[in-house]
């Protein structure tokens, strides 16, 4: 009994987990059983929360969490001291969901008509691995170095050697595990804020660090068939079919021609494009018309998470412009291709 | 929406050309019906804009990938605007080098004893280290978040002068000093508000 009490005194759990872990799992009225607590006992020496690098980083990031949790957030699953200092994977899972929620809420209410591929790219631009890695770098976070002792590296993102081909076969080309570790750290910080404070504090932190970044959504678009897409859009909206007309031109048959093409639906001009060939100008005009539609912005928007009692709901768009295309010019002409794919009874 | 009519017309055209093959079903593509045979017969790499009816065994993500929308997305990362939301002090670390013997280091030694503690307390986000540099002039080495370092030699400096140098390092951003030419004085990430003049939109006088 006394031994158990002494062991319990030596336990060093961080923050919110201190009270809840044991009391829910052990029903007896006496103190903790030695066998159970022996598993959870951490190292004898105090957790090194006084390292100057760690303390300075904690102050710089300004997250409203204690230094203990911050140190845990720096510890990846593969860290060499994970058994002593804890891992950031749970915090990271929570932080990842919170990030995803608040950032998608912001983008979707701000640009309700964005196509899904652009929306995904915009989300990636704010909270993808690359984005969070650059955010961590801007906080001055350093990464683990193999040749230096671990004790001297408290305050860096600690991770071990990982074969990325096995752990993450669907990773982006050129992505290192170090990037993923840095992104996990950022998510873990946000998860820590949500646990220690509340989701409003997490939201304020996300707004200050993530949503304050600049993304020109215009630059995410890459059109392949804007004319086709625009005509489907006009049909869906009940507008007249789009027609391209030459608005102005100069320099035809010279070294530097300029054609200005406008795409009209009836008498309304939807978009305009300028290029050195008529085809390209028409392409740009249709693309600009589509951008004008997709990038429609809701001004002074109230986010659902901050809705008051008189919240009337946000604008919800009809959805994407579905353009079913079957590019018949790419169909293979050899019969062999089709013979292989016949049902068995027709083969040979 | 008449896309189903369009695709049915195309499919019937294919079937006329290749009557022995049934690459796609003739049922409307909006209904999620199973295709006979259960697997798609168009390899992804041949048909860039091919539609696929839901095939058993494929995840929703894979199906979504195969319905290629004409508008594709480019990969970009949002750039930071330090100060718009939160402000991160760009100075990461200050390393003070002093010498016990050299006369030029007297002011630095006094600074370390008297002023450094207050300066460190005022700037909690700066990591401060003190390193002996025997038989050398005293220096302050500032390390910035962009990885660059700036070293200032404070030989024969008084404590107040050294404090001024610390503040100088604190106020810098770590980028290499460069001459700002007169034409680049206004720098912005936002495009021009009123647009750039174009002869094609200027009015009758300049119409080409």
Taking region B:139-183 and keeping residues assigned to a loop (DSSP other than H, G, I, E, B) and within 14 Å of chain A (Cβ to nearest Cβ) leaves B:145, B:146, B:147, B:148, B:173, B:174, B:175
So how many residues does region B:117-131 have that are more than 9 Å from every other protein chain (Cβ to nearest Cβ) and in contact with a strand residue (DSSP E or B) (Cβ under 7 Å, 6 or more places away or on another chain)? 3
Can you tell me how many residues in region B:56-105 are part of a strand (DSSP E or B), modelled with pLDDT of 90 or more and either within 29 Å of residue A:229 (Cβ to Cβ) or under 29 Å from the mean Cα position of the chain (by Cα) (or both)? 6
Closer than 30 Å to residue A:123 by Cα and modelled with pLDDT of 95 or more: is that true of residue B:162 in this structure? no
Would region A:103-119 turn up any residue that is under 25 Å from residue B:87 (Cβ atoms), at the interface with another protein chain (Cβ under 8 Å from one of its Cβ atoms) and touching a residue at least 40 places away in the same chain (Cβ under 8 Å)? no
Inspect all residues belonging to region A:285-293 and state whether any of them is surrounded by 15 or more Cβ atoms within 10 Å (Cβ to Cβ), at pLDDT below 90 and assigned to a helix (DSSP H, G or I). no
Can you pull out every residue in region A:156-174 that is in a loop (DSSP other than H, G, I, E, B), surrounded by 11 or more Cβ atoms within 10 Å (Cβ to Cβ) and either at pLDDT 80 or above or away from chain B (no Cβ under 14 Å) (or both)? A:159, A:160, A:162, A:168
Subset of region B:82-112 [in contact (Cβ under 8 Å) with a residue 24 or more places away in the chain and within 14 Å of another protein chain (Cβ to nearest Cβ)]: B:88, B:89, B:90, B:91, B:92, B:93, B:94, B:95, B:96
Quickly run through region A:250-265 and pick out the residues that are farther than 22 Å from residue A:295 by Cα, surrounded by 11 or more Cβ atoms within 10 Å (Cβ to Cβ) and more than 11 Å from chain B (Cβ to nearest Cβ). A:257
Can you spot a residue in region A:63-80 that is within 14 Å of another protein chain (Cβ to nearest Cβ) and either under 22 Å from residue A:171 (Cα atoms) or in a helix (DSSP H, G or I) (or both)? yes
Qualifying positions in region A:294-315 - surrounded by fewer than 18 Cβ atoms within 10 Å (Cβ to Cβ) and in a helix (DSSP H, G or I): A:304, A:305, A:306
With A:147, A:124 as the choices, which residue is within 12 Å of chain B (Cβ to nearest Cβ) and either more than 23 Å from residue A:306 (Cβ to Cβ) or without any contact (Cβ under 8 Å) to a residue 24 or more places away in the chain (or both)? A:124
Quick one: would you say residue A:134 is within 22 Å of residue A:233 (Cβ to Cβ), at the interface with another protein chain (Cβ under 7 Å from one of its Cβ atoms), free of Cβ contacts under 8 Å to residues at least 40 places away in the same chain and in a helix (DSSP H, G or I)? no
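Okay, residues lined up against (1) touching a helix residue (DSSP H, G or I) at 6+ places or on another chain (Cβ under 7 Å); (2) within 14 Å of chain B (Cβ to nearest Cβ); (3) at pLDDT below 90; (4) in a loop (DSSP other than H, G, I, E, B):
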residue	(1), (2), (3), (4)
A:30	no, no, yes, yes
A:54	yes, yes, no, no
A:57	no, yes, no, no
A:95	yes, no, no, no
Got a sec? Which of A:138, A:142 is modelled with pLDDT of 85 or more, closer than 25 Å to residue B:83 by Cβ and in contact with a strand residue (DSSP E or B) (Cβ under 6 Å, 6 or more places away or on another chain)? A:142
Report whether or not residue A:96 is surrounded by fewer than 18 Cβ atoms within 10 Å (Cβ to Cβ) and either closer than 30 Å to residue A:317 by Cβ or in the same structural domain as residue A:191 (by TED's automatic domain parsing) (or both). no
Residues of region A:198-238 satisfying the condition of being assigned to a loop (DSSP other than H, G, I, E, B) and either surrounded by 15 or more Cβ atoms within 10 Å (Cβ to Cβ) or within 11 Å of another protein chain (Cβ to nearest Cβ) (or both): A:210, A:211, A:212, A:213, A:215, A:216, A:224, A:225
Can you give me the number of residues within region B:136-154 that are closer than 15 Å to residue B:109 by Cα and either modelled with pLDDT under 95 or buried (at least 17 other Cβ atoms within 10 Å of the Cβ) (or both)? 5
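The values are calculated or read from the model by the stated rules, or taken from the named source; none is laboratory data. On a predicted model such as this, the values are computed, not experimentally measured, just so you know. Methodologically, a virtual Cβ is constructed for each residue, glycine included, from the backbone with ideal geometry; neighbour enumeration extends over all protein chains shown.
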